[in-house]
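None of the figures in this text is laboratory data; all of them are computed from the coordinates on show. Bear in mind the structure is a predicted one, so any value in this text is a computation, not a measurement. Note: ideal-geometry Cβ built from the backbone for every residue, glycine included; neighbour counts use all protein chains shown.
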């Protein structure tokens with residue numbers, strides 16, 4: 001056993017795949033300790049908040065400030081509020097007014113604003129420009145003036161009459177330390193369409209999907225191993241009957257069968273474990289065929305014939321004289337079944353036939369939510385790309401482990 005493990009962990013491919021998979025498992029264990037709570041808790045009212053650090057505006061106005069005079073503060077402030085569409089619209093206004101914009105770089109904020117301040121006038125009504133366009137340019141001009149204003153006044157209801165009174169003033173040179181603000185929230189991957197922390201949801205979903213893959217892989221491997229051992233060793237009518245059943249499952253596309261069974265179960269009964277068992281029940285055929293072919297090559301070996309002559313039972317011969325010789329192959333089949341189970345769950349959930357959405361998230365459900373709320377069209381990459389990357393890493397690591405084991409146990413692939 002020690003020699004076998006030593007050979008396995010001397011395989012570079014297995015070690016690489018095992019390291020990636022263990023890193024994912026470590027993330028699943030450690031992150032909930034750092035950021036505990038329900039992964040499906042809605043913390044945002046809006047949808048698809050961008051990744052970043054969020055500071056309570058209310059608390060930020062009640063902390064002490066330091067005066068910092070940063071040289072590029074005004075330029076950065078204006079540039080961050082002036083969108084690309086606004087810059088293009090400003091150039092369009094110049095062209096409508098017949099103002100020469102030759103050599104003007106729209107990314108040069110200073111040059112663009114200088115030209116705008118020199119020529120823009122709210123009272124002017126350019127020929128051919130609609131009222132909506134004129135109102136848009138008025139709002140843009142006022143917004144630029146507000147950004148350039150010296151101070152921001154804080155008003156609050158401080159008396160019984162409900163009259164707003166000035167309680168403070170924030171200057172452009174006032175800076176607050178993030179650590180002094182009472183409520184700060186780090187969202188490395190932002191929020192999803194329901195206002196939920198994507199990273200917390202992703203960690204929980206990864207664990208659920210891996211569990212589904214393990215259950216599905218176990219069910220598929222046990223069914224395929226049992227049928228393969230019986231068909232390969234007993235042969236005859238038993239072999240014909242098992243292969244007849246296997247051929248029926250092979251002829252019907254497994255994913256189509258999986259869709260039909262999942263649909264017939266119903267949304268309320270489709271928990272993560274139920275979906276995993278259904279996936280395992282529809283994906284055992286290739287394991288059965290492979291095990292059967294291995295057993296056929298072993299059943300007439302000398303040690304197996306000796307056990308037969310000794311009067312050993314069928315169960316003992318299969319478990320002690322045949323199974324140990326194909327154990328490594330069974331392990332490799334199990335790893336591939338786990339990977340296939342995770343991918344099958346993702347496919348089912350994308351079609352809306354995965355586990356019920358009110359219990360636990362899965363990688364497939366996260367993809368389904370992102371697709372339903374058009375995250376891929378509105379630029380909210382953080383709602384789906386980390387999920388795709390996670391599925392890819394899990395499948396890649398498991399297949400890399402399988403390839404490493406194949407190089408260790410397959411004599412034709414050894415150096």
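GNM on the chain, C-alpha springs below 10 Å: top fluctuator among 104, 258, 389?
Among 104, 258, 389, the largest mean-square fluctuation in the Gaussian network model of the chain belongs to 104.
Enter the angle in degrees (range 0 to 90, nearest 10) between the Cα long axis of helix 327-350 and the first principal axis of the Cα atoms of the chain, meaning the one along which they spread out most.
40
Mean-square fluctuation check for the chain, GNM, Cα pairs under 10 Å: which of 383, 182, 79 is largest?
Among 383, 182, 79, the largest mean-square fluctuation in the Gaussian network model of the chain belongs to 79.
For the chain, what is the calculated [θ] at 222 nm in deg cm²/dmol (nearest 500), taking -39500 (n - 2.57) for each run of four or more DSSP H residues and dividing by its residue count?
Numbers: 16 runs with 241 residues, N = 415.
That comes out to -19000 deg cm²/dmol.
Over segment 190-309, calculate the relative contact order: mean separation of alpha carbon pairs under 8 Å at least 6 apart, over the residue count, as a percent. Intermediate values should be presented prior to the final figure.
Details: 105 pairs, mean separation 48.1, N = 120.
Over segment 190-309, the number comes to 40 percent.
Is segment 37-99 best put as rounded, prolate or oblate by its Cα gyration tensor, with a ≥ b ≥ c the root eigenvalues, rounded for a/c under 1.5, and otherwise prolate when a/b is larger than b/c, oblate when not?
Oblate, because a/c is 1.5 or more while a/b does not exceed b/c.
Against the longest alpha carbon principal axis of the chain, how many degrees, from 0 to 90 and to the nearest 10, is the axis of helix 131-148 turned?
Around 80 degrees separate the two axes.
Based on other C-beta atoms within 10 Å, arrange 67, 221, 357, 191 from fewest to most. List each step's numbers first, then the result.
Numbers: 67 8, 221 24, 357 16, 191 27.
Ascending Cβ contact count within 10 Å gives the list 67, 357, 221, 191.
Please compute the Kirkwood hydrodynamic radius of segment 1-135 from all pairs of different C-alpha atoms, in Å with one decimal. Please report the intermediate quantities before stating the final value.
On the way: mean 1/r = 0.0452 Å⁻¹.
Averaging 1/r across every pair of different Cα atoms and inverting gives 22.1 Å.
Quick one: 334, 18, fewest Cβ neighbours within 10 Å first, how do they rank?
Taking fewest neighbouring Cβ atoms as first place, the list is 18, 334.
Note the angle between two axes, namely the Cα long axis of helix 254-265 and the longest principal axis of the Cα atoms of the chain, as a number of degrees from 0 to 90, rounded to the nearest 10.
70
With a ≥ b ≥ c the root eigenvalues of the C-alpha gyration tensor of the chain, is it rounded (a/c under 1.5), prolate (a/b larger than b/c) or oblate? If you can, show how the numbers build up before the last one.
Numbers: a/c = 3.00, a/b = 2.73, b/c = 1.10.
In terms of gyration-tensor shape, prolate.
Could you sort the peptides 42-55, 281-294, 304-317 by per-residue average Cβ neighbour count (10 Å cutoff), highest mean leading? Before the final figure, lay out the partial values.
Working: 42-55: 14.4, 281-294: 21.5, 304-317: 12.2.
Packing order, densest peptide first, comes out as 281-294, 42-55, 304-317.
Order these by the 10 Å Cβ neighbour count, fewest first: 173, 107.
Values: 173 14, 107 9.
Result, fewest neighbours first: 107, 173.
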